[in-house]
1. R0 = 25 Å: FRET efficiency of residue 241 with residue 20, Cβ-based, nearest 0.05?
2. Report the calculated FRET efficiency for residue 78 and residue 138 (r = Cβ-Cβ distance, R0 = 22 Å), to the nearest 0.05.
3. If neighbour count is taken as other Cβ atoms inside 10 Å, put 101, 266 in order from fewest to most.
4. Using only the alpha carbons of the stretch 84-170, what is the convex hull's orientation-averaged projected area in square nanometres?
5. How far apart, in nanometres, would the label points at residue 42 and residue 88 be if each is projected 7 angstrom from Cα along the Cα-to-Cβ direction?
6. Starting from the Cα gyration tensor of the stretch 19-75, take the square roots of the eigenvalues, sort them a ≥ b ≥ c, and report rounded, prolate or oblate (rounded when a/c is under 1.5, otherwise prolate if a/b is larger than b/c, else oblate).
7. Sort 158, 112 so the one with the fewest other Cβ atoms within 10 Å of its own Cβ comes first.
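Any read-out appearing in this document is the output of simple, stated calculations on the displayed coordinates, not a laboratory observation. Model, not experiment: these values are computed from the prediction. Cβ coordinates were reconstructed from backbone atoms using ideal geometry, including for glycine residues, and neighbour counts include every protein chain displayed.
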């Protein structure tokens, strides 16, 4: 008769779990205090559990609690850092990273691991961003050099020092787009859905165009409007829960949004375009 072996936790493993539990209690106390203040980003305000997890994760890459809350962003359950923070961590460990070439529509970043002669070199262009689907982020049009640098420097940082970044697979600049794409099923728009989207888009005539030195404030979304109802219905069909909505809005628009009331009408249409087409509507 074959006896099944019983796997016993090692002393080291138990000690590590106990140490993590104690650290989590301390992190939660700090997170509870800090997330009540304006000193942390909106996505952590009033969320002590999320703040505690970020503080705990930050400690593994040598970040103090305040720095962790300022720099760690959680998208779809995945921790991410802004590229500039990745670069700072890599440089602090003695590795090298520099901008080798920067031109209109192209940025090349190079780096070298401490003690190594091998140079890693990554170039990102607007064409690369277009093929990757990142141009839906308005920042690639308003500040292309910064966004291309973020992609190139993030790639180099992960290549030369994955240990310093704990193998982090993404930086915020790419997750904020890719997560929205991953959540959208590949479907073919139904004719009725296309008509609905077209009807919801504003119709502007030549007479309505008025030249002005001031840019008028874009109208806010009326949450009781047909546009809002169509957006909410599509989100439900896509399986996006209410508590996930602010993350989805932020990913699509490229800015921090905590409520649908903060959306403009144009942003609501942008969100709608990122959602799967609804089935044939019935009157």
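1. 0.30
2. 0.45
3. By the 10 Å Cβ count, ascending, the order reads 101, 266.
4. Seen from a random direction, the Cα hull of the stretch 84-170 projects 5.5 nm² on average.
5. Those two pseudo-labels are separated by 2.2 nm.
6. Taking the square roots of the gyration eigenvalues as a ≥ b ≥ c, the stretch 19-75 is oblate.
7. 112, 158
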